[in-house]
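The structure appears below as C-alpha cells.
The values are calculated or read from the model by the stated rules, or taken from the named source; none is laboratory data. Quantities reported herein were computed from a predicted structural model and do not represent experimental measurements. Cβ atoms come from the backbone with ideal geometry, glycine included; neighbour counts cover every protein chain shown. Each accessible area value is taken on the protein alone, full model and side chains, heavy atoms only, with ligands, DNA and RNA left out. Shrake-Rupley method; radii C 1.70, N 1.55, O 1.52, S 1.80 Å.
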Amino acid sequence: MNIHDQWLAATGERVLQARAEKRKLSIRGSGSKGFYGNVVDADTLDVAEYAGVVDYQPRELTLTARAGTRLEVIEALLAKNNQMLPFEPPHFGADATLGGCVSTGLSGPRRPYAGAVRDAVLGTKVLDGRAQVLRFGGQVIKNVAGYDVSRLMVGAMGTLGVLLEVSVKVLPCPESECTLMLEMPADRAVEIMNLWAASPVPLSATAWRAGHLYVRLSGTESAVQAAMQKIGGAKIPDGPAFWQALREQTMPDLAMRPLWRLSMPTAAKAFTALGQPVIEWGGGVRWYGTDMPADTLRALAKQAGGHVTLFRSHQPITQAFTPLPEPLAALHQRIRLALDPHGVFDTGRM
Amino acid sequence: MSALPADFLEKLRRLLPQDGLLTAPEDLAPYECDALSAYRRRPPAVALPRTEEEISAILNLCRMHNVPVVARGHGTGLSGGALPIEGALLLTLARLNRILMIDPLARTARVQPGVRNLAISQAAAPYGLYYAPDPSSQIACSIGGNVAENSGGLHCLKYGLTVHNILEVRAITIDGDIITLGSRAFDAPGYDLLALITGSEGMLAVIVEITVRLLPKPERAQVLLAAFDSIANAGVAVGQIIAAGIIPAAMEMMDKLSIQAAEDYVHAGYPVGAEALLLVEVDGVNEEVSDGLRVVYEVVKACGATEVRTALDEAERTRFWAGRKAAFPAIGRISPDYYCMDGTIPRGRLPEVLVRIAELSEEYGLPVANVFHAGDGNLHPLILYDANKPGELEKTEEMGGKILETCIAVGGTITGEHGVGVEKLNQMCVQFSSAELEVFHALKAAFDPPGLLNPGKAVPSLHRCAELGAMHVHHGQLPHPELPRF
Ligand SMILES: Cc1cc2nc3c(=O)[nH]c(=O)nc-3n(C[C@H](O)[C@H](O)[C@H](O)COP(=O)(O)OP(=O)(O)OC[C@H]3O[C@@H](n4cnc5c(N)ncnc54)[C@H](O)[C@@H]3O)c2cc1C
C-alpha cells in the first residue's frame, strides 16, 4: 500500500469510528477558510496530507488532483503550460488547498465571465459517511451519466462527505490583459457593467470601489487594444495587484467587520443607504461593512432577488447563510442523509 | 397499456379543461415514443396542463393514487427518457410555452418549460443576445427537456452545457410543492440543487419555469474547414489547436461516410473523398477572430490538412454548418435505420477509439458513420442497420453497448448529452459501482419519496446490474457482492 492508500484506509477507519461513537467530523485542508461558515463543534479531520496532482493533460484541458493539493502548486503547474484555473479562486492563506476551494465553492474576479468553481468541476472522488469511496462525473467535459453529485459537493462545506480527488477543467491564459479605471458613482457603475456585459467586449473582471470602476480586459493583444479604445478611462499600472487584493480581501475597503456579502442579480440597484460597498462580479456581488441587523439585510437582498452571507466577523458566526424556506430545508436534510445517513459530517457549518 | 384506475381518471378529468386530457387511442399514438423510436409503448392517458396550479394538482393526485408520472417536453430525447411507462400518466409540458420575460440589461430570460430552445434565441435577438446551448434539435426540443437532459450542442467547448447557462429553476415535487433552485444571482444558499436537477431526466421533480442566461452575440464568427486524408491526422489537429491556446467556439469532425452522405443531401461544398473533415469555428471580437483563424490555419496545415477553406461570408458559413447539422438525416437517407450513440472520451484517445469502432463495425457487419463534437470528445457513432431484418436491432444494440464500454475503458462516459433514459441502463452498471448507484437511488428518494416520477429510468436497479453480471470492478472487488448471483 502506498502512502495515499494508507491514508485513505486510516481515514475510512476514522469515519467509521466517528459513526460508531456518534461524533462529528469537521474537514480541514489548511484552515485558510476556517473563518467561513458557522462555527462548529466537531473533531477535526485533516486532509492536507492527501495531496498531489494525479493527472494533468494540458491538451485535454483537465487536471485531477487530490483534495489536499495546495492551490499554489496547481496554479504554478498550470502556469508552466500557460494555463489557469478559470474561476481564479481566492486563497485566503498561503497553504489553501483544492479541497477547501471546492468545498467552499468560492470563486474570484473572473467568475462572471469564465464561470464558477462549480462550472469547472468535472468529477470527484468522495469518501462518504459510510466510509465508501465513490466516484462521480469524470475527466471529460460532457458527461450526463447519473445525477451530478460532483457539483452537489461544490460549496457543500464538507457536510456531505470528504472530497478525496477533484477533476477540473482548465483554460489557456489570455495572451494579453489590461486593467482600466474610470471615475463614476456606484449606480452608474452597476449599469455600465451590465451594459458592457451585453455587448461583445472581452471582459474578464469588473469591480467598483471608492468612486471608481475597474475593468479588466483579457484576450488576444489586438482584441484588448480594440476594447481599450472603446471603453476609455486610464490604464492602471499594476492591474494584477489590484485584482489580487480584491480577491484575497487584503484591500482596506474589505477590512470592515462584520463583512457582509450580498449576492444579487447583476442589474439590481446599488444600496447606497447601507454605506459604501465594494462591488464586483459585474454587479453580482456587493460587500458591505455594516452593523445593520442580519434580518434587515436579508429582507433587502431577498426583495431584489438575492441573498446575504455574513462573511467575516469578530464574533463567532452562528448563522452565516440565509436560512432556507420550507419545503427546501427539509429537502436539503433528506439529501444530506442520502450521502451521510449517520450524520458524521453534519457539523452545521452551513 | 394497462389502464389507470377509473376514480383517478375521473378526478383528473375534473382538474383539467376538456381538451387537457387525452385517452382516445388515436390521440395517444403520437406519445408512444420519443426520438429513440425503437422503443414504444402506448400511454394510458396524456395530461396537457396549462398552469402550475394544474400541475401541482395532477402530481398531488398521482401521489394519492400511487400513479407514476412521466414528464415529457417535445419528445426529441434520444434515450427513451419520455418513453411511457406501464400504468403511468404521461404529463406533457408542451402547453406551458410562454416566454415570460426578457431582461436585456441583466441578460436573462424567464421562460416556461415548453418553450422551444431556438425560440429563446429568436426572442432575444432584437437585443443582440442569444441562448448559447444549441442542440441540433433546437428548432424542436423544449427548454424543460434541455434542463432535464443537460443538453449540449455544437458550442459546448467554449460556452458550456445547459447547466452552465441557467440561473434558476422552479420545479414541482411529487407532493405538489413548488421549489426554487438556484437564484437570479450567481449563487444561492444551500446545496447546488440547480446542478442536481439539471440532467435529472424527469426523476426528481417537474420543471415548470427556467431563468436562462443570455449572452451577447459575438461580433464575428467564422468557420474554417479542413480536409484530411487520415482521421488520425484530424484527431491530432484537434489536440494541437487546443495546445496552441485556442478555444474554438465549435470544433466538429466528420468521417468519410458522413461527409459523403451530408454532401449528397445538402450540397454543403464538402471535399468528398476526404477521410476526415474538421469544422472549426472561431468567434469573438473582430481582431481576435482574425488572429485565431490564422493560428488554426497554421496548425491544421502543419497536421497535414489536404485542403483548408474559410467561409467567405455568412451564407457560406451557414452552408458549412448545414452539412454538419444535417448529418443525422443525411445518414437516414442512405440506410433504412440508424442508431445514434453518444459516448464521451478524452480527446487524446480519439484515434484508438475510432480504430476499435472500425473493428466492431467489421465484426458485426454493420457500417458506422462517425460524426462528433471533437472539441469536447463527444462521439456520435451512427450504426447503420435495418430494423426489418430479424435480429438486426438486437445486434446493433449489442454493438452499441460495446462502443460505450470502450468509452468507459479509456476514461470516458456512456453519455455525453443524450442521457441514460431506458437505453443505457445496462452500461450504467458498468460505469458505476453498486454503492454509487445506491447514492443515486437515495437522492431520487430524497426528492421523490414514493418513487413515482419516471420510475425505472436513468438509474438501473441493483438487481438489474447483478442479473446482467456487468463487470464494474471497484477496488478489485467483485461487483455487487451483497446480491445473489443468478
Ligand atoms: C435530430 C436530433 C438531434 C439532437 N441533437 C442533440 C444535440 O446536439 N445535443 C443534445 O444534447 N441533444 C440532442 N438531441 C436530443 C434531444 O433533443 C435533447 O435531449 C432535448 O433536450 C430533449 O428535449 P425534449 O423537449 O424533446 O424532451 P423530451 O424528449 O420530451 O424529454 C426528455 C427527458 O426530459 C424529461 N423532461 C422533459 N421535460 C421535463 C420537465 N419540464 N420537467 C421534468 N422533466 C422533463 C423527460 O421525462 C425525459 O426524461 C437531439 C435529438 C434529435 C432527434
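What to note about this one:
- Residue in region B:167-185 that is away from chain A (no Cβ under 11 Å), open to solvent by less than 10 Å² (accessible area, probe 1.4 Å) and not in a strand (DSSP E or B) present: yes
- Hits in region A:194-228 - residues which are more than 12 Å from every other protein chain (Cβ to nearest Cβ) and touching a residue at least 40 places away in the same chain (Cβ under 8 Å): A:SER204, A:ALA205, A:THR206, A:ALA207, A:TRP208, A:ARG209, A:ALA210, A:ARG216
Quick grid of which residues meet (1) more than 19 Å from B:CYS156 (Cβ to Cβ); (2) hydroxyl-bearing (Ser, Thr, Tyr); (3) open to solvent by less than 10 Å² (accessible area, probe 1.4 Å); (4) touching a strand residue (DSSP E or B) at 6+ places or on another chain (Cβ under 9 Å):
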{"position": "A:PHE136", "(1), (2), (3), (4)": "yes, no, yes, yes"}
{"position": "A:VAL144", "(1), (2), (3), (4)": "no, no, yes, yes"}
{"position": "A:ARG151", "(1), (2), (3), (4)": "no, no, no, yes"}
{"position": "A:GLY161", "(1), (2), (3), (4)": "yes, no, yes, yes"}
{"position": "A:GLU165", "(1), (2), (3), (4)": "yes, no, no, yes"}
{"position": "A:PRO172", "(1), (2), (3), (4)": "no, no, no, yes"}
{"position": "A:GLU177", "(1), (2), (3), (4)": "yes, no, no, yes"}
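- A single member of B:VAL285, B:VAL280 is at pLDDT 95 or above and either in contact with a strand residue (DSSP E or B) (Cβ under 9 Å, 6 or more places away or on another chain) or of a type in the set (S, T, N, Q) (or both), and it is B:VAL280.
- The lone exception for A:ALA273 - which of (1) within 9 Å of chain B (Cβ to nearest Cβ); (2) hydrophobic (A, V, I, L, M, F, W, C); (3) open to solvent by 40 Å² or more (accessible area, probe 1.4 Å) it fails: (1)
- Among the residues of region A:318-346, those that are more than 17 Å from B:ALA445 (Cα to Cα), surrounded by fewer than 18 Cβ atoms within 10 Å (Cβ to Cβ) and more than 8 Å from every other protein chain (Cβ to nearest Cβ) comprise A:THR318, A:GLN319, A:PRO325, A:GLU326, A:GLY343.
- Test set (1) within 11 Å of the ligand (Cβ to nearest atom); (2) over 23 Å from the mean Cα position of the chain (by Cα); (3) open to solvent by 10 Å² or more (accessible area, probe 1.4 Å) - B:ALA88 fails condition number: (3)
- Residue within region B:38-58 that is surrounded by fewer than 19 Cβ atoms within 10 Å (Cβ to Cβ), of a type in the set (Phe, Trp, Tyr) and within 14 Å of the ligand (Cβ to nearest atom) present: yes
- Among the residues of region B:314-327, those that are modelled with pLDDT under 90 and open to solvent by 40 Å² or more (accessible area, probe 1.4 Å) comprise B:GLU314, B:LYS325.
- Here B:VAL163, B:VAL111, B:VAL115 are screened, and the one residue that is over 28 Å from A:THR309 (Cβ atoms), within 18 Å of the chain's Cα centre (by Cα) and more than 8 Å from the ligand (Cβ to nearest atom) is B:VAL115.
- Yes/no for B:ALA124 being in a helix (DSSP H, G or I), under 30 Å from A:GLU280 (Cβ atoms) and more than 15 Å from the ligand (Cβ to nearest atom): yes
- The sole residue among B:GLY332, B:GLY304, B:GLY391 that is surrounded by fewer than 17 Cβ atoms within 10 Å (Cβ to Cβ), over 22 Å from B:GLY421 (Cα atoms) and within 16 Å of the ligand (Cβ to nearest atom) is B:GLY332.
- Positions within region A:154-166 being at negative phi and facing chain B (nearest Cβ under 10 Å), in sequence order: A:VAL154, A:ALA156, A:THR159, A:LEU160
- Among residues of region B:129-160, those that are farther than 23 Å from B:ILE172 by Cβ, near the ligand (Cβ under 7 Å from one of its atoms) and among the polar types (S, T, N, Q), counted: 2
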